[in-house]
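J.: Structure in structure tokens, see below.
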Amino acid sequence: MDTIASFFSFITTPVSWVIVQFHTVYGALFGADTGWAWGLSIVSLVVLIRICLIPLFVKQIKATRAMQTLQPEMKKIQERYKNDKQRQSEEMMKLYKETGTNPLSSCLPILAQSPFFFALYHVLNGIATGKTIGVIDGDLLDSARKAHIFGAPLAAKFMDSSDKVAALGATLTDVRVVTAIMIVLMSFSQFYTQRQLMTKNVDTTVKTPFMQQQKMLMYVFPVMFAVFGINFPVGVLVYWLTTNVWTMGQQMYVIRNNPTPGSKAQAAYLERLHKHVTNHGRTRNRRERTIVKAIVAKGRDRNEFERKFINGLSKAGLAAQPDGNVVKSEGAVATLTAEDGTPTTAAPKRQQPKRQSKSQRQSGGGAKAAGDTAGSGAAGSTESGSTASDASETTSLSKAEQPQDAPQTAARKAATPKSGSGARSKAQSGQRKGGPQRPKSPSKK
């Protein structure tokens, strides 16, 4: 570790200068030789570095999501050219170039932060050995050696001997208790950060090897921190615990406000967005408009949560526009109240016509026929008009108004066979015209 730290010694002077500037401020508040002044100086160094790394962190998020999207295509290339490693590498590079992704982008924050980490380790190691390092010399060096955090010196380690710890003005028990608690917190924060990423911000609709790798790292990283942590000075543990807490909070913010499409975090975000949009009738800020614009642009490629969001807006009488704005739908006129009390709008229901009774249908049909017949008679000649009038009078009669001789007329019509069909029907039924009748046989179709 000392060899690696010395390799980054070129940056120890800027790091030590930043720590001294923060110590000047906090020393005036808490005292120059206190652990609070030096500890908060290290914490402020972490915050300053992480603020400068925010653009790289945003790039890391985009690269990670792009790599998750490309996992199915990468798997196809690996299966297609599994016997040709050179062609496989060429196709992978071609895929990265076409999509504009870089696998190393996801490691940029860690790589950019590493020099500061090792430079701080080099500074604290110089404080422990009493050597001038950077701009920390003379009185500042003595003040840093006297600084304790909960009884543990900044330069003490978990594996230090009792004599070395005593030289720094502390006991071995205090050092090991403080360092053990900090190592556990550091490992737990790292585990929680990875677990939060895996359970909430991963697209559950796509199963890729990348998810298995992330799941493995979720358990490997905390163990690595625990192993290496026993060799870190207390000041470095403060630095690493602070950066883990910062990463965890930063990731929580990103997951809540800019989740991965298809993840559980996106489902929760779209539910909150739907409630806000229905209450206000519009998108409130640029970020919401960007989310809605991206969902509308997907069209049929929307996932389950995005389709549910669009359908919820439609039921509420709202419509998402391509520019990300939300406007009221023209078909929504009725206002309803949901179970949670939020007002929603809905389109009017289609009215079904009332069902008429049999007598109403018959009387209505007869009247309509009478009107049609009368109209056609009025347009014709006098002779055809009288005939149409007689016909309309006959058809307008209901069953109750039929004359008494109507059943007899109907019976005579039924008894009189139609011309040309009587003999044929008798021949088909097997009846003889005269003499004994043969029994009927079943008809063959």
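The values are calculated or read from the model by the stated rules, or taken from the named source; none is laboratory data. On a predicted model such as this, the values are computed, not experimentally measured, just so you know. Note that we place each Cβ from the backbone using ideal geometry, even for glycine, and neighbour counts take in every protein chain shown. Ligands, DNA and RNA are excluded from the accessible area calculation, which covers all protein heavy atoms including side chains. Shrake-Rupley method; radii C 1.70, N 1.55, O 1.52, S 1.80 Å.
J.: Could you tell me whether K82 is within 45 Å of the chain's Cα centre (by Cα) and of a type in the set (D, E, K, R)?
T.: Taking the combined requirement at face value, the residue satisfies it.
J.: For residues in segment 233-252 being touching a Ser or Thr at 6+ places or on another chain (Cβ under 8 Å) and closer than 16 Å to A156 by Cβ, which is surrounded by the most Cβ atoms within 10 Å (Cβ to Cβ)?
T.: V234
J.: Which condition number in (1) open to solvent by 30 Å² or more (accessible area, probe 1.4 Å); (2) at pLDDT 80 or above is the one that L120 fails?
T.: For L120, the failing item is (1).
J.: Being farther than 19 Å from V238 by Cβ and at pLDDT below 80, is that true of even one residue in segment 183-197?
T.: yes
J.: Kindly list the number of the only condition in (1) modelled with pLDDT of 85 or more; (2) within 21 Å of T242 (Cα to Cα) that fails for L108.
T.: (1)
J.: Which residues, counting only those in segment 305-314, are within 13 Å of L270 (Cβ to Cβ) and either in contact (Cβ under 8 Å) with a residue 12 or more places away in the chain or crowded, with 18+ Cβ neighbours inside 10 Å (or both)?
T.: Scanning segment 305-314 gives F305, E306, K308, F309, I310, G312, L313.
J.: Give segment 295-305 a look and list any residue that's assigned to a helix (DSSP H, G or I) and in contact with a helix residue (DSSP H, G or I) (Cβ under 9 Å, 6 or more places away or on another chain), or say none.
T.: I295, V296, K298, E304, F305, listed by residue number.
J.: Quick check on this structure: which one of A152, A119, A156 is closer than 25 Å to I54 by Cα and more than 36 Å from the chain's Cα centre (by Cα)?
T.: Just a single option satisfies the conditions, and that option is A119.
J.: Okay, moving on. Residue under question is P55, and the condition is that it be free of Cβ contacts under 8 Å to residues at least 12 places away in the same chain and either hydroxyl-bearing (S, T, Y) or loosely packed, with under 13 Cβ neighbours inside 10 Å (or both); does it hold?
T.: yes
J.: Let me ask you something else. Taking segment 24-74 on its own, how many of its residues are closer than 19 Å to Q113 by Cβ and among the small types (G, A, S)?
T.: The number of residues fulfilling the criteria is 3.
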